[in-house]
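Written below as C-alpha cells is the structure these notes are about.
The values are calculated or read from the model by the stated rules, or taken from the named source; none is laboratory data. Here the structure is a predicted model, which is why all the values come from computation and not from measurement. Cβ placement follows ideal geometry from the backbone for every residue including glycine, while neighbour counts extend to all protein chains displayed.
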Amino acid sequence: MISILSSISGQFSKSLILGTLLPVVTFLILGMVFVIPLFPYDWQFLKQLTVLDSQTIVVFTLVTVVLSGLLFSFHSAITRFYEGYTWSNTWVGQWRIRRYQIQLHEAESLIRRTLVLRSELRQRDSLKYRKLLAKIEHRRAVVGQKIINEFPISSSMLPTRLGNNVRSFYSYTSRQYNMEHETLWPRLRAKLDKEYAAAVEDAKTPLDFVINISFLSALLSLTILVVGLLYPIPLASRSAGVWWGIEILAFAFVAYVSYLSAINQARDWGNMLKSAVDLYRWDLLKQLGYKRVPVNRTEERALWGSITRQIIYGDPPRTRLADYVTANTFAYGYLNNEPFMVGLQVARGGGASDANGISTVAVRVKNEDGQKRLMKNVVVRDTLPDGFDYVWNSALISGEAATVSGSNPFYFEIRDLDYGEEKTLTYSMIQRKKS
C-alpha cells in the first residue's frame with residue numbers, strides 16, 4: 001500500500017509516465033471501446049460512462065492513477081513472470097530450460113569446432129581457403145555474440161528468452177570480471193555519473209513500456225473472452241461472433257508481439273549495464289578502499305572474486321583477505337575454474353648480491369585454504385626491484401625448471417598445490433651496471 005501511495009502522490013517521473021501511465025490510459029480507452037459494449041446496456045454505470053461530463057472525467061482520472069500505481073507496484077512481479085522465475089520449477093519450465101541448455105551446448109560446440117577448423121585452414125595458403133576462413137570467422141563471431149547476449153551460464157538458465165537475455169548480462173560481470181552482479185551492482189550504481197545513470201534509466205523505460213503493453217493486452221484479450229461468454233451478446237449473430245473472435249486474437253497477438261519487442265529492448269538495456277561495469281568498476285574499486293591496480297584480467301578476477309565472497313559470506317575462516325594495496329609478490333590459483341588468491345600464503349626472501357651483481361630470490365608458497373581444497377595451476381607474481389633484471393632460465397620450483405612469462409612483474413607457474421602443501425620458487429636477478 002505504501003508503494004501504491006507513493007506512486008500516485010505526484011512522483012511521476014519520465015519512466016513512470018511513459019512506462020506505466022501511458023499503457024494504463026491506452027488499456028482503459030480500449031476497454032471502453034471493446035469491453036463495455038459486451039455488457040447489458042441497461043446497466044446504470046454503463047450509461048454514466050457514455051456521458052462525457054465532469055464526473056466521468058474525474059472517475060476516469062482517478063481509476064487511471066490508481067491502476068497506474070497498482071501496475072507500477074506489481075511491475076517487478078509481472079516482469080519476473082515474463083522472465084520465467086515464478087514457474088521455472090514446473091514441468092513446462094523445466095522442459096523449456098532443458099531446451100535452452102541444449103541450444104547453448106550446441107552453440108558452444110560449434111564455437112569449438114570452428115576454432116579447430118580455423119587452425120587447419122590457416123595452414124593452407126590459397127584464395128579459396130582464405131575466403132572460407134573469413135566465412136568461418138564471421139560465423140564464429142555471430143555465434144559468440146549469441147552466446148553472450150542470449151544465454152547465461154547453463155546452471156542459471158530460465159524458461160523464457162526474455163529471462164535468459166536479462167540473465168545473460170547479469171552473468172556478464174561474472175564471466176568477464178568474476179563479480180557477482182546482484183551483490184556489486186547496487187554499489188556500482190552509486191558511482192555512475194548522473195548523465196549515465198539517466199541514460200540507463202532511459203534505456204529501461206521502453207522495456208517497462210512493452211512489458212506492460214503485453215500484460216495489459218493479454219488481460220484485455222482474456223477480459224473480452226470471459227465477458228463475451230458470461231453475456232453472450234457477441235454470439236447473437238454470426239458476424240458479431242466473428243468480430244468478437246478477431247478482437248480476442250488481435251489483442252493476444254499484440255501481447256505476443258510486445259513480448260518479442262521486450263527481448264530486443266532488454267538487450268539494449270543490458271548493453272548499457274555491461275558498459276557501466278566496464279567503465280566504472282575501477283571507481284568502485286577505489287571507493288571500496290582498494291588502491292591496488294591489477295595488471296591483467298586474471299589478477300582482476302581474483303581480486304573481485306575475493307571482494308564478492310567477503311561481502312556475501314563475511315570473513316572466510318582461516319583465510320587471509322585481499323590486500324588493499326598491491327603487493328609486489330603474491331600468488332593465485334584456481335578453484336572451480338575461477339581465480340582464487342586468498343587461500344595462499346606467500347613469503348619472500350633474498351640474499352645479498354655477489355661480486356657479479358647476481359642475487360638469489362626465494363619465494364615460498366603454501367596452500368592454507370580454510371576449506372582444505374586443492375588449488376590448481378598456481379602462479380606466483382613477483383616484481384623485481386628497480387635496477388635489477390631477471391636472469392633467464394634461473395627459475396626453479398623445488399629444484400625443477402619453472403615456466404616464466406611477463407616482464408616485471410614476472411609470472412612463475414608452480415602447478416597444483418594440495419592443502420597444506422608448500423613449494424619454493426628460486427630464481428636469480430642481476431643488478432644493471434651503471435653507465
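Does Glu195 meet the test of being of a type in the set (D, E, K, R), free of Cβ contacts under 8 Å to residues at least 24 places away in the same chain and either closer than 25 Å to Arg80 by Cα or touching a Pro at 6+ places or on another chain (Cβ under 7 Å) (or both)?
Criteria not met by Glu195.
Go through (1) among the charged types (D, E, K, R); (2) in contact with a Phe, Trp or Tyr (Cβ under 7 Å, 6 or more places away or on another chain); (3) under 23 Å from Glu180 (Cα atoms); (4) in contact (Cβ under 8 Å) with a residue 60 or more places away in the chain for Arg381 and report which single condition fails.
Condition not satisfied by Arg381: (3).
Can you find even one residue in region 119-131 that is at pLDDT below 90, closer than 28 Å to Glu338 by Cβ and out of contact with any Pro (no Cβ under 8 Å at 6 or more places or on another chain)?
Checked region 119-131: at least one residue is at pLDDT below 90, closer than 28 Å to Glu338 by Cβ and out of contact with any Pro (no Cβ under 8 Å at 6 or more places or on another chain).
Give region 66-79 a look and list any residue that's surrounded by fewer than 16 Cβ atoms within 10 Å (Cβ to Cβ) and either at pLDDT 90 or above or of a type outside the set (A, V, I, L, M) (or both), or say none.
Phe74, Ser76, Ala77
Regarding Asn264, is this residue among the polar types (S, T, N, Q), more than 30 Å from Asp416 (Cα to Cα), out of contact with any strand residue (DSSP E or B) (no Cβ under 8 Å at 6 or more places or on another chain) and surrounded by fewer than 19 Cβ atoms within 10 Å (Cβ to Cβ)?
yes
Tell me which residues, restricted to region 232-268, are within 24 Å of Leu184 (Cα to Cα) and out of contact with any Pro (no Cβ under 8 Å at 6 or more places or on another chain).
Ala266, Arg267
Filter region 270-322 for residues that are among the β-branched types (Val, Ile, Thr), assigned to a helix (DSSP H, G or I) and touching a Ser or Thr at 6+ places or on another chain (Cβ under 8 Å) and give the result.
Val277, Thr308, Ile311, Ile312
I want to confirm something. Restricting to region 142-165 and keeping residues that are outside any helix (DSSP H, G or I) and not aromatic (Phe, Trp, Tyr), which single residue is farthest from Ser275 (Cα to Cα)?
Only one residue fits best here, namely Pro159.
Of the residues Pro159, Pro152, which is crowded, with 19+ Cβ neighbours inside 10 Å, over 20 Å from Gly305 (Cα atoms), in contact (Cβ under 8 Å) with a residue 12 or more places away in the chain and not hydroxyl-bearing (Ser, Thr, Tyr)?
Pro159
Tell me which residues, restricted to region 166-197, are in a loop (DSSP other than H, G, I, E, B) and not charged (D, E, K, R).
Passing the criteria: Asn178, Met179, Ala190, Leu192.
Going through region 380-435 one residue at a time, which ones are of a type in the set (Phe, Trp, Tyr) and farther than 13 Å from Val363 by Cα?
Those that are of a type in the set (Phe, Trp, Tyr) and farther than 13 Å from Val363 by Cα: Phe388, Tyr390, Trp392, Tyr419.
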